[in-house]
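Notes follow the structure.
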Amino acid sequence: MMKFLEEHWTAGIEILILWVGLYTLYKTFRATRGARIFVGVVMILAVITTMAYLFNLTVIAWILLRSALGIAFALVIVFQPELRAALARLGSSRFLMFNKTHKLEFAEELTDAILQLSHKRIGALIALEREISLKEYSDNGVRLDSLFSSEVALTIFFPMTALHDGGMVLAKDRIASAGCVFPLSKNEMADRTLGLRHRAACGISEETDAVAIVVSEETGSISIAVNGVLERKLEEKEFREKLEKIFIPDEKPETDNEQDIRDADEALDSEDNGLDPSDSDMVPD
C-alpha cells in the first residue's frame, strides 16, 4: 500500500485539483438557465462516448474524438451569454455580502412595500431572483439597476405610469428591471377569474426557481407563487412569515419541546444562582 501511494500520490493530487475545479465551475454556472441545457448536452455526449467504447463502435468513436474540439468550441459560442453572466457573478463579491442581517432588512423593506401596494389596491408583480438567473426576462424590460425601496416600488406600479403593467425583477437587494414580460403559465388554472398577473407569476415560477409576488388591483389581496404553485389571499402576518422563510430558509422555528427545554434550562440556571425564576425583580438586567 505504501509503495502504491509513493508511486501514484501525484495522481491523487491531480484528481483532487480536478474535482475542486469542476465543483467550483458547477457552483458558478448552476445559477444560469443555460446550465441545465449544457449539463444535458454533456450527459448525452458522455453516454454516446461510453457506448461507443463499450460496444466497439469505431466509426462513432473516431467521429467523437476528431470533433471533440469543435463541439467544445460550439458549446462556448452557443452558451456565451450564460458563460459571461456566470463569470461576472464569480468575479463579483456583492453576492457574498448579502448576509443574514441584510436579507432580513431587505425582507422587511419588501414586506412594507407590498403591504402599502395592497392597502392602496395598486396592482403589482415582482419576481425575486434566486439560483437561476432572470436576465432573460430582465432584458425584455427597462433596465434600472436601482436599490429597492417602497417609494420606488409605489412609483413604478402607480397606475398610468409607463412601467406599471409589467413585472419587476429583483436581484439581491436591487431592482434589475421593470416593465418586464413574464411567460404565462401553461397549466390549467383552478380559478378562471385570475388575471394575467397571476398567470405570469405562476409562469415565471414554473420556468425558474424565482419567487413571484402578486398584488391584486381589484381586491388588494397578496399572493405568492413558488414552483408553479400559487398561494392566494395571504394575511399580513402569514405573508411576512413566508417571506422571511424564503430569505432565511435555514432558520427553523422553535418547537414546543425546544421551548420547554430552554425554559427548564433557564429555571435550573436561576436555581443554581440562588434566584427565583418567577421573581423578575431579582433577575439582573
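FRET efficiency for Arg121 and Val20, Cβ-Cβ distance as r, R0 = 45 Å, nearest 0.05?
Values: r = 53 Å, r/R0 = 1.18.
For Arg121 and Val20, the calculated efficiency is 0.25.
Which of the GluC sites (Glu not before Pro) across region 122-179 are loop residues per DSSP, with 12 or fewer other Cβ within 10 Å?
Values: sites: Glu129, Glu131, Glu136, Glu151; in loops: Glu129, Glu131.
Loop-located and lightly packed - Glu131.
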**Request:** Based on other C-beta atoms within 10 Å, arrange Arg66, Arg130, Arg197 from fewest to most.
**Result:** Arg66, Arg130, Arg197
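Using alpha-carbon pairs under 8 Å, 6+ residues apart, how would you state the relative contact order of region 96-247 in percent?
Reported relative contact order: 27 percent.
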**Message:** Run the count for region 96-247, please: Lys pairs, Cα-Cα under 24 angstrom, 8 or more apart or on different chains.
**Reply:** 21
**Item:** Gyration tensor (alpha-carbon) shape descriptor, region 96-247, a/c threshold 1.5
**Value:** rounded
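Read-outs throughout are calculated quantities, based only on the coordinates presented, and are distinct from any laboratory measurement. Note that the structure is predicted; figures quoted are calculated from it, not measured. FYI the Cβ positions are ideal-geometry reconstructions off the backbone, even for glycines, and counts take in every protein chain you see.
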